[in-house]
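The values are calculated or read from the model by the stated rules, or taken from the named source; none is laboratory data. Please read these numbers as outputs of a predicted model, since none were measured by experiment. With ideal geometry, Cβ positions are generated from the backbone for all residues, glycine too; neighbour counts draw on all protein chains shown. In case anyone asks, the SASA skips ligands and DNA or RNA and just uses the protein heavy atoms, side chains included. Shrake-Rupley method; radii C 1.70, N 1.55, O 1.52, S 1.80 Å.
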Amino acid sequence: MKVGRKMNIGYSVNYCSKLLKNRLNKELETEDITVAQFAVIKYIEMNSLEDQQDRNITAVEIAEGLDMDKPTISGIINRLVDKGYVIKLPHEKDKRASILKLTEYCIEKLPNLEAINEIVINSALKELSNEDLYVFQNIIYKIIQNLQ
């Protein structure tokens, strides 16, 4: 598709997101991980510590945090468990829920997954100056705030 100035902003944002996701999915294939699986792994990693204390992360929290439905998140988590990236532990207060933790295997693989992500992001941003990036980040942040 030829990109032109006649694309409206909503379409442009969605198209950009789709291109980034598709490129990252392609690059993560070498690790047998999808973008959605990587997002769940990163969510667990970034949210499992609070004030140097372990936090209990559940599928419901991930679904809310990533704005995905519970059945989709459950499927992603089950595939991550099967691949050895995540373990499920019993929840002490809710028998229906499980506490999700990253495995040592996942923690060892994480730097490589992050490096792949960084390469894709850097290739998308390669023509932008530091000032462009600063403005872009601020605009995206404001849009996200407006929509939350």
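Quick one: if you stick a label point 7 Å off each Cα along the C-beta vector at Lys6 and Leu125, how many nm between them?
Result: 3.2 nm between the two label points.
In Å², what does the accessible area per residue of the chain work out to with a 1.4 Å probe?
Accessible area per residue, the chain: 74 Å².
List the trypsin sites (Lys or Arg not before Pro) in segment 50-105 that DSSP assigns to loop (not H, G, I, E or B) and whose Cβ has at most 14 other Cβ atoms within 10 Å. Which are they?
Arg55, Lys93, Lys95, Arg96
Report the relative contact order of the chain, percent, no decimals, based on alpha-carbon pairs under 8 angstrom and at least 6 residues apart.
With pairs under 8 Å counted, the relative contact order is 21 percent.
Between Phe136 and Asn78, 0.36 nm times their residue separation minus their Cα-Cα distance comes to what?
17.3 nm
Would you mind getting me the FRET efficiency between Glu92 and Asp67? Use the beta-carbon distance for r and R0 = 30 Å, nearest 0.05.
For R0 = 30 Å, the calculated efficiency reads 0.65.
Given springs between every Cα pair under 10 Å in a Gaussian network model of the chain, which of Val13, Val35, Val86 has the largest fluctuation?
Val13
Taking the Cα centre of the chain as origin and charging only Cβ (+1 Lys, Arg; -1 Asp, Glu), how large is the dipole, in debye to the nearest 20?
Here the size comes out at about 720 debye.
With a/c under 1.5 counting as rounded, go ahead and sort segment 91-148 into rounded, prolate or oblate using the C-alpha gyration tensor (a ≥ b ≥ c being the square roots of the eigenvalues; past the cut-off, prolate if a/b is larger than b/c, else oblate).
oblate
Counting alpha carbon pairs within less than 8 Å and at least 6 residues apart, what relative contact order, in whole percent, applies to segment 63-148?
15
List, largest first, the extents of the alpha carbons of segment 48-148 along their principal axes, each in whole Å.
50, 33, 30 Å, listed from the longest principal axis down.
Of Thr34, Ile9, Leu110, whose Cα points farthest to the positive end of the dipole of the chain (charges on the beta-carbon: +1 Lys, Arg; -1 Asp, Glu; origin at the Cα centre)?
Ile9
Would you mind checking which residues have amide H under 5 Å from Ser98's amide H? H placed 1.01 Å from N; only 5 or more apart, or other chain.
For Ser98, the qualifying residues are Ala59.
In square angstrom, rounded to the nearest 10, how much accessible surface does Met7 have for a 1.4 Å probe?
It works out to around 40 Å².
Taking the Cα atoms only, what angle lies between the long axis of helix 70-83 and the longest principal axis of the chain, rounded to 10 degrees?
Once rounded, one gets 70 degrees.
Kindly sort Glu64, Glu31 by accessible area of their heavy atoms, largest first, with the probe set to 1.4 Å.
Glu64, Glu31
Ignoring ligands, DNA and RNA, please state the percent of accessible area on segment 85-145 from carbon and sulfur, probe 1.4 Å.
Taking all protein chains in place, segment 85-145 shows 57 percent carbon and sulfur surface.
So how many Lys-Lys pairs in segment 51-148 land under 27 Å Cα to Cα, not counting same-chain pairs under 8 apart?
15
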